[in-house]
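Asker: What follows is a structure written as structure tokens; I'll ask about it next.
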Amino acid sequence: MNIVVTGGAGFIGGNFVYYMLRHHPQDTIICYDALTYAGNLATLEEAMKNDHFRFVKGDIADRTAVYKLFEEVKPDIVVNFAAESHVDRSIESPEIFLRTNVLGTQVLLDACRKYGITRFHQVSTDEVYGDLPIDRPDLFFTENTNLHASSPYSASKASADLMVLAYFRTYNVPVTISRCSNNYGPYHFPEKLIPLMIINALNNKKLPVYGAGENVRDWLYVEDHCSAIALILGKGRVGEVYNVGGHNEQKNIDVVRQILQILDRPETLIEHVTDRKGHDLRYAIDPTKIRNELGWQPTTKFAVGLKRTVEWYLANKTWWETIVNGEYQNYYEKMYGNRERRD
Ligand code: NAD
Ligand code: TYD
């Protein structure tokens, strides 16, 4: 089968490329990626050596380029990871989030309709459900929870999900959607919490925790997310949404402390700074449906996955040093330069 993986030069898409080359070696993976600031060809260096892998540079919102890709490649399956993915950037500049996440998804759906595919899979997020109260640990997101997005990022992902389901209902495009909780692991761009804290700690820089650090995220090792998507492609029912998560809720401050502990760095590096606007309190996935229907189970415990991730950043300094030595410096100054310290 020919599988187009959009956004495969990013964090989860890149891990998915390697997962598929390892577990489905008979398939051919075509990565289609615009190589925005978050896309990195270095992530795909090993994949490039594989005959069952091809890279095509292009924008999912560019209809001409997407149709050309479909004509050339004739994909059986399309897995859409391509997105603007960072909440803080969406608060600064929402427009690109609508263009890529909503219009880009719609262009891909049109191409699927025009050329015919056996599956279009949309990689979505638990953030489409909004947030849960911190003092109600009995509440979880299920597939039936109302969409209640908070940030321009999550609103754009929720809009895309609705469009995907509309193309199923209206045009019978065979779609599936996965809504996963926060991922962590190798190749994670250092603007996100875990890699940012690892890299700052390694550089003996302050670790900027938003507010009190009491917000809760439900962390899943990236390979477990990849195995869930592969399973949905194989056995998932079309028109269905599957929540993906491993019941691993952690307060941000506790995650940061664990990173410092692994790296043997002092907690005095932690600096509480101005909170994120509209900051979601708690995410927590109920994965009952994917477990019961498809038999999916996560395999990597947080303590093991976090240690492995820290070790990856230690062993792959060139990968992230190239990023943090470039345009990232301007980003960091813009995003963190004006955040006040909160004691
Ligand atoms: P990322 O920012 O690391 O990577 C995004 C990739 O998409 C990059 O390679 C970038 O170049 C590419 N891209 C961006 N705009 C594009 C465009 N217009 N055309 C083609 N390519 C484009 O993101 P990620 O963290 O790997 O997330 C991947 C997907 O998973 C996203 O759809 C995100 O919403 C979803 N998701 C992420 C998480 C998480 O914790 N990171 C959790 C659940 C769901
Ligand atoms: P992030 O990795 O941006 O993922 P998301 O916002 O999609 O959940 O942030 C995870 C949590 O960490 C979130 O509650 C915001 C917080 N955070 C900080 O406290 N400091 C930071 O520098 C960053 C990037 C995030």
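Asker: Using a 1.4 Å probe and counting only protein heavy atoms, arrange HIS225, HIS272 so the residue with the most accessible area comes first.
Answerer: The ordering from most to least exposed comes out as HIS272, HIS225.
Asker: Please list, or write none, the aspartates and glutamates whose alpha carbon is within less than 19 Å of the alpha carbon of LYS301, excluding same-chain residues fewer than 8 places away.
Answerer: ASP218, GLU223, ASP224, GLU249, ASP254, ASP286, GLU311
Asker: Name the shape class, rounded, prolate or oblate, that the alpha-carbon gyration tensor gives for segment 135-193, where a ≥ b ≥ c are the square roots of its eigenvalues, rounded holds for a/c under 1.5, and otherwise prolate holds if a/b is larger than b/c and oblate otherwise.
Answerer: Oblate shape, in that a/c is at least 1.5 and b/c is the bigger or equal ratio.
Asker: Here's a follow-up. Ignoring everything except DSSP H segments at least 4 long, calculate the 222 nm mean residue ellipticity for the chain; use -39,500 (n - 2.57) per segment, divide by total residues, nearest 500.
Answerer: That calculation yields -12000 deg cm²/dmol at 222 nm.
Asker: Provide MET1, MET48 ordered by accessible surface of protein heavy atoms (probe 1.4 Å), highest first.
Answerer: Result, largest first: MET1, MET48.
Asker: Top mean-square fluctuation among ILE253, ILE285, ILE262, Gaussian network model of the chain, C-alpha springs under 10 Å?
Answerer: ILE262
Asker: Quick one: how many lysine pairs does segment 160-257 have with C-alpha atoms less than 29 Å apart and a gap of 8 or more or different chains? Give me the count, please.
Answerer: Close lysine pairs under the 29 Å cut-off: 5.
Asker: Choose one answer from ILE323, ILE177, ILE290: the residue with the largest mean-square fluctuation in a GNM of the chain with alpha-carbon springs under 10 Å.
Answerer: Fluctuation is largest for ILE323.
Asker: Let me ask something else about it. Keeping all protein chains in the complex and leaving out DNA, RNA and ligands, what accessible area do you get for SER151 with a 1.4 Å probe, in Å² to the nearest 10?
Answerer: So the heavy atoms of SER151 present about 20 Å² to solvent.
Asker: How many percent of DSSP beta bridges within the chain run antiparallel, rounded to 5?
Answerer: Percentage antiparallel, nearest 5: 10.
Asker: When a/c is below 1.5 the answer is rounded, else prolate if a/b is larger than b/c, else oblate, so apply that to segment 78-144 with a ≥ b ≥ c taken from the square roots of the Cα gyration tensor eigenvalues. Don't skip to the answer; put the middle values down first.
Answerer: Details: a/c = 3.73, a/b = 1.52, b/c = 2.45.
The shape class here is oblate.
Asker: Out of segment 230-281, which trypsin sites (Lys or Arg not before Pro) are coil in DSSP terms and have no more than 16 other C-beta atoms within 10 Å?
Answerer: Answer in residue order: ARG237, ARG276, LYS277.
Asker: Based on alpha-carbon centroids, what's the gap between segment 141-195 and segment 221-245 in Å, whole number please?
Answerer: 12
Asker: Let me ask something else about it. Using the Cα atoms as the points, what is the convex hull volume per residue of segment 147-244 in Å³?
Answerer: Hull volume over Cα atoms, normalised by residue count, gives 121 Å³.
The values are calculated or read from the model by the stated rules, or taken from the named source; none is laboratory data. Quick caveat: nothing in here was measured; it's all calculated off a predicted structure. Neighbour counts run over all protein chains shown; Cβ positions are idealised from the backbone, glycine included. Side chains included, ligands, DNA and RNA excluded: accessible areas come from the protein's heavy atoms. Shrake-Rupley method; radii C 1.70, N 1.55, O 1.52, S 1.80 Å.
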